[in-house]
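K.L.:
Please see the structure below; I have some questions.
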Amino acid sequence: MYAQGHAGLNSHGMMNGAGHQRFGNQLNLNKYSHHNPHQHNQHAQTGQDGGHGAHQGNFISHQHNQSGGASAHFGTSHLQNGAQSNAYSTAPVSQTEHWKKQIEIAAEIRSLTHAHPHARNASSASKTVLPGTSTGGAKDTNEKKEERYRTAGDWSDDEMEQSIWTEIDMGGSNLRCISLQLFDYYPFLTKLYLNNNRLQVIPPEIGHLRNLSHLDLSLNQISTLPPEMGMLVNLRVLLLVDNKITVIPYELGNLFALDMLAIDGNPLNEGQLSVIVEEGPQALIRQLRESAPGPDPPRPRDWIVLDDTDSSPDEKFQVISFNILCKIAATPQQFGYSPSQVLDWDYRKELILQEIRSRDADIVCLQELDVDNYNNLFREMLARSDYKGVYWPRSKTKTMSTEQGKGVDGCATFVKNSRFIILDKQVIEFANVSINRADMKGEHDLFNRVMIRDNIGVVTFLENRSTGSRLIVVNTHLYWDQNYRDVKVVQAAILMEETQKLAEKYAKWPPTPDKDKIRFRYANGDKEGEEPVEEEIQNPVPSMTYEHGTDIPIVVCGDFNSTPRSGVYEMLTTGSLAGNHRDLGTYKYGNITKDGVRHAFGLKSSYGNIGELPFTNYTPGYTGVLDYILYSTSSLSCTGLLGEVDPEYLKRVPGFPNLHFPSDHLLLQSEFKAKAPRKERKITEVDFGPQKENRRN
């Protein structure tokens, strides 16, 4: 374990930093950290030498210098696993650049035969590092981060950030097996060296180490790789030199970030070997990913019943919130672990529509639906299932041509027309509202951080045809970047303030005329594939009245890009947030940072009834809760929820989208029941009759 200064670890301690000699430099792997730009227009058929030993002489006589005065555990011509160092080395007929790299790396790996070679070198180099100095492993602050891409470090101070060391070197330790505690207790590891041992089996639990970027399993007796290694999607270097591996499993196609796969000295099947020789290891990873059969389907998500008391179906309604991952955002650069088939919009849109229809909710709130697909696909297709839509794209469309604006995403709210009347619809443009607030005039942070974001909220005011009760539905998508937590708070604050103004307006909304309450069975005729059915005529019911805006039931849905520990979540669920909250930092946003934020809706997350789901966003960079369906507890109760994804299924799935989940976000679904309106109790004064005044004598 690399832990300089810790008792018992000093002999090969190492600080995670750039100031020391790193293993990547020891093996000159920096030369291979990028894809070879050379393209082969034609590839010669590669023949295999039946003796598998045409270049054995390259390394057997290699002399080794031992560091730290330690002697090698094993001889130079035979490694500790009992096999000659390059027993399965293969000499292709054509010595391509890709194979030359394999030979160079294998030669250097075979030279590291003493115990803990990487820790020894790192410990020696780290003595020159001054205390308190950053010693590497630091993020490149100048590296351009692609929009929407999240990393685990962006979201919380996790174990990896709190740990002094993130690397373990157990090379040359004569290990025959690995304790499973390594995988359970050290998920923060970024480098793991298990080279030069006697390992025959790698436990499937290795898939728990999802922060690994460097894994060395060279010089062992491993014959098969567990499919769970496909979960190591942050892996950049995988060293497998001198083992007994014949097949690289399909699941390793998930390793989209892999720069180097060192495989020399293995009896690899001719098909996979020829790809590495002619096109490089990245080509093999890509081929595995594209040709993989995919995981077995997960078991259906359970429906969780929270309240099973009998009540009228007219008083219940179900709501969906779903960030569907817009068409232009599903790129190989963003989701490199996903096969091209599942990123293709023609595949994903069918899966999205199929799931929405099968869930059959009364209200569907979608985020990241672009203009073109709303107008030309979703509105028409969902109308066949009785849905009527309300939609606004993000604000940037105002500065674009019609053609350019087609790809801009926004928020869409669909409601069952047979159940609800749409009384009003409004869009809240956070940037536009903030710039017109008197208390934010002249605030530089507003211009530099909030004004340049074009996120929106969509508010829809509904009336239940059967009961006359009214409902406010809010659908929003807040800014994504965790480095702008202050912006999220400002956007959420504006959302609630503007919704509260609309709610007061809606409390005075006039009753709906009876002629507008005529109940149509479907918005666009009968359901597709069904025979027309004679409609049952129902007498219109009177519209309910509300004294205050906060008396109207409200549901707030969306992708808030905020965790349950965030200021946004605290403000939404508690009704207030201090102006000096840590998420606001030292930025100045008028009354928001001066007096704090408050709202009077009394909201609760529907999934808060079960402590939230394990995640609503599932990618290698981030797995956690970002999406919510919130409701006013004074007027609604939550009676049911759509449960989590099958945990067994996730053990071999590194991230979404995939064959079964069309977005990186989960569809959320909640059922609500309207509470009976609260009746104000009249205070009656009790008449006790004539009373004598008590006086003190």
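K.L.:
Select from segment 157-178 the residues that are part of a loop (DSSP other than H, G, I, E, B) and modelled with pLDDT of 90 or more and list them in ascending order.
P.N.:
Matches in segment 157-178: T166, M170, G171, G172, S173, N174, L175, R176, C177, I178.
K.L.:
Name the single residue, out of those in segment 313-327 being over 21 Å from the mean Cα position of the chain (by Cα) and in contact (Cβ under 8 Å) with a residue 12 or more places away in the chain, that is surrounded by the fewest Cβ atoms within 10 Å (Cβ to Cβ).
P.N.:
Filtering segment 313-327 for residues over 21 Å from the mean Cα position of the chain (by Cα) gives 313-319.
Next cut, in contact (Cβ under 8 Å) with a residue 12 or more places away in the chain only: 314-319.
On the way: D314: 14, E315: 16, K316: 16, F317: 25, Q318: 18, V319: 25.
Across segment 313-327, the extreme among qualifying residues is D314.
K.L.:
Can we say K396 is among the basic types (K, R) and in a strand (DSSP E or B)? Write out each step before concluding.
P.N.:
Details: among the basic types (K, R): yes; in a strand (DSSP E or B): no.
In short, no.
K.L.:
Quickly run through segment 458-489 and pick out the residues that are in contact with a Lys or Arg (Cβ under 8 Å, 6 or more places away or on another chain) and β-branched (V, I, T).
P.N.:
Answer for segment 458-489, where residues must be in contact with a Lys or Arg (Cβ under 8 Å, 6 or more places away or on another chain) and β-branched (V, I, T): V458, V459, T460, V487.
K.L.:
Say whether the condition of being over 20 Å from I324 (Cα atoms), in the same structural domain as V556 (by TED's automatic domain parsing) and either acidic (D, E) or touching a Gly at 6+ places or on another chain (Cβ under 9 Å) (or both) is met by at least one residue in segment 408-424.
P.N.:
If we filter segment 408-424 for residues that are over 20 Å from I324 (Cα atoms), which is where we start, we get 417-424.
Now narrow it down to the ones that are in the same structural domain as V556 (by TED's automatic domain parsing): 417-424.
Next, from what is left, pick out any that are either acidic (D, E) or touching a Gly at 6+ places or on another chain (Cβ under 9 Å) (or both): 424.
Taking every residue of segment 408-424 in turn, at least one turns out to be over 20 Å from I324 (Cα atoms), in the same structural domain as V556 (by TED's automatic domain parsing) and either acidic (D, E) or touching a Gly at 6+ places or on another chain (Cβ under 9 Å) (or both).
K.L.:
Given L288, L284, which one is at pLDDT 95 or above, more than 26 Å from L180 (Cβ to Cβ), part of a helix (DSSP H, G or I) and touching a strand residue (DSSP E or B) at 6+ places or on another chain (Cβ under 8 Å)? Working first, answer last.
P.N.:
Values: L288 fails: touching a strand residue (DSSP E or B) at 6+ places or on another chain (Cβ under 8 Å).
Only one candidate qualifies: L284.
K.L.:
Oh, and also: Quick check, is E368 part of a strand (DSSP E or B) and charged (D, E, K, R)? Spell out how you get there, then give the answer.
P.N.:
Values: part of a strand (DSSP E or B): yes; charged (D, E, K, R): yes.
Judged against the criteria, E368 is a match.
K.L.:
So, one more: For segment 254-267, give me the residue count where each residue is in contact (Cβ under 8 Å) with a residue 40 or more places away in the chain and either farther than 20 Å from L192 by Cα or in contact with a strand residue (DSSP E or B) (Cβ under 6 Å, 6 or more places away or on another chain) (or both).
P.N.:
5
K.L.:
Take the residues in segment 248-276 that are over 28 Å from Q334 (Cα atoms) and of a type outside the set (D, E, K, R), then tell me which one is surrounded by the most Cβ atoms within 10 Å (Cβ to Cβ). Show your work before the answer.
P.N.:
In the first step, residues of segment 248-276 are kept if they are over 28 Å from Q334 (Cα atoms); the result is 264-271, 273-274.
Filter again for of a type outside the set (D, E, K, R), leaving 265-269, 271, 273-274.
Values: G265: 29, N266: 26, P267: 16, L268: 22, N269: 12, G271: 10, L273: 22, S274: 19.
Within segment 248-276, the match that is surrounded by the most Cβ atoms within 10 Å (Cβ to Cβ) is G265.
K.L.:
Here's another thing I want to ask about it. For segment 615-630, indicate whether the set of residues that are touching a helix residue (DSSP H, G or I) at 6+ places or on another chain (Cβ under 7 Å), touching a residue at least 40 places away in the same chain (Cβ under 8 Å) and assigned to a loop (DSSP other than H, G, I, E, B) is non-empty.
P.N.:
Within segment 615-630, one or more residues are touching a helix residue (DSSP H, G or I) at 6+ places or on another chain (Cβ under 7 Å), touching a residue at least 40 places away in the same chain (Cβ under 8 Å) and assigned to a loop (DSSP other than H, G, I, E, B).
K.L.:
Here are some conditions: (1) small (G, A, S); (2) surrounded by 16 or more Cβ atoms within 10 Å (Cβ to Cβ); (3) part of a loop (DSSP other than H, G, I, E, B). G442 meets all but one. Which one does it not meet?
P.N.:
Unmet condition: (2).
K.L.:
On to the next question. Go through (1) closer than 26 Å to E97 by Cβ; (2) free of Cβ contacts under 8 Å to residues at least 24 places away in the same chain one by one and return the number of the condition L217 breaks.
P.N.:
Every listed condition holds for L217 apart from (2).
K.L.:
Being outside any strand (DSSP E or B), among the polar types (S, T, N, Q) and surrounded by 15 or more Cβ atoms within 10 Å (Cβ to Cβ): is that true of S358 here? Spell out how you get there, then give the answer.
P.N.:
Details: outside any strand (DSSP E or B): yes; among the polar types (S, T, N, Q): yes; surrounded by 15 or more Cβ atoms within 10 Å (Cβ to Cβ): no.
Answer is no for this residue.
K.L.:
May I pose another question? Answer yes or no as to whether Q181 is modelled with pLDDT of 55 or more and closer than 30 Å to D481 by Cβ. So that I can check it myself, show each step before the final result.
P.N.:
Details: modelled with pLDDT of 55 or more: yes; closer than 30 Å to D481 by Cβ: no.
It is false that Q181 is modelled with pLDDT of 55 or more and closer than 30 Å to D481 by Cβ.
K.L.:
When you look at R521, is it assigned to a loop (DSSP other than H, G, I, E, B), of a type in the set (K, R) and modelled with pLDDT of 95 or more, yes or no?
P.N.:
Values: assigned to a loop (DSSP other than H, G, I, E, B): yes; of a type in the set (K, R): yes; modelled with pLDDT of 95 or more: no.
No; evaluated as a whole, the condition is false for this residue.
K.L.:
Search segment 645-689 for residues being among the small types (G, A, S) and at pLDDT 90 or above, and hand back the single one that is surrounded by the fewest Cβ atoms within 10 Å (Cβ to Cβ).
P.N.:
Step one: filter segment 645-689 for residues among the small types (G, A, S), giving 655, 663, 670, 674, 676, 689.
Cutting the leftovers down to at pLDDT 90 or above gives us 655, 663, 670, 674.
Details: G655: 22, S663: 23, S670: 29, A674: 20.
Per the stated criteria, the residue is A674.
K.L.:
Something else about it: Among the listed residues D302, D314, identify the single one that is out of contact with any helix residue (DSSP H, G or I) (no Cβ under 7 Å at 6 or more places or on another chain) and at pLDDT below 95.
P.N.:
Numbers: D302 fails: at pLDDT below 95.
None of the others qualify; the one that does is D314.
K.L.:
Would you point out which residue out of L189, L225 is under 19 Å from D259 (Cα atoms), in contact with a strand residue (DSSP E or B) (Cβ under 8 Å, 6 or more places away or on another chain), outside the structural domain of V653 (by TED's automatic domain parsing) and part of a loop (DSSP other than H, G, I, E, B)?
P.N.:
On the way: L225 fails: in contact with a strand residue (DSSP E or B) (Cβ under 8 Å, 6 or more places away or on another chain).
Criteria check complete, one pass: L189.
K.L.:
Of the residues E498, E403, which is in the same structural domain as I324 (by TED's automatic domain parsing), surrounded by fewer than 23 Cβ atoms within 10 Å (Cβ to Cβ), over 24 Å from L626 (Cβ atoms) and under 32 Å from the mean Cα position of the chain (by Cα)?
P.N.:
Details: E498 fails: over 24 Å from L626 (Cβ atoms).
Every option except E403 fails the conditions.
K.L.:
Please go through (1) of a type in the set (F, W, Y); (2) farther than 24 Å from S418 by Cβ; (3) free of Cβ contacts under 8 Å to residues at least 40 places away in the same chain for Y347 and return the number of the only condition it doesn't satisfy.
P.N.:
The number of the failed condition is (3).
K.L.:
Which ones in segment 289-316 are closer than 20 Å to S606 by Cα and of a type in the set (A, V, I, L, M)?
P.N.:
I304, V305, L306
K.L.:
Separate question: Looking at G457, is it touching a Cys at 6+ places or on another chain (Cβ under 9 Å) and either under 22 Å from F560 (Cβ atoms) or at pLDDT 95 or above (or both)? Can you show your working first?
P.N.:
Values: touching a Cys at 6+ places or on another chain (Cβ under 9 Å): yes; either under 22 Å from F560 (Cβ atoms) or at pLDDT 95 or above (or both): yes.
Yes: the conditions hold for G457.
K.L.:
Would segment 292-307 turn up any residue that is buried (at least 19 other Cβ atoms within 10 Å of the Cβ), outside the structural domain of L255 (by TED's automatic domain parsing) and part of a loop (DSSP other than H, G, I, E, B)? Let's see the steps before the verdict.
P.N.:
First, pick out the residues of segment 292-307 that are buried (at least 19 other Cβ atoms within 10 Å of the Cβ): none.
Taking every residue of segment 292-307 in turn, none turns out to be buried (at least 19 other Cβ atoms within 10 Å of the Cβ), outside the structural domain of L255 (by TED's automatic domain parsing) and part of a loop (DSSP other than H, G, I, E, B).
K.L.:
Within segment 199-236, can you find the residues that are surrounded by 23 or more Cβ atoms within 10 Å (Cβ to Cβ) and either small (G, A, S) or under 14 Å from I285 (Cβ atoms) (or both)?
P.N.:
The answer is S218, M229, G230, L232, L235.
The values are calculated or read from the model by the stated rules, or taken from the named source; none is laboratory data. Remember, it's a predicted structure, so these values are computed and weren't measured experimentally. Here Cβ is always computed from backbone atoms with ideal geometry, including for glycine, and neighbour counts include all displayed protein chains.
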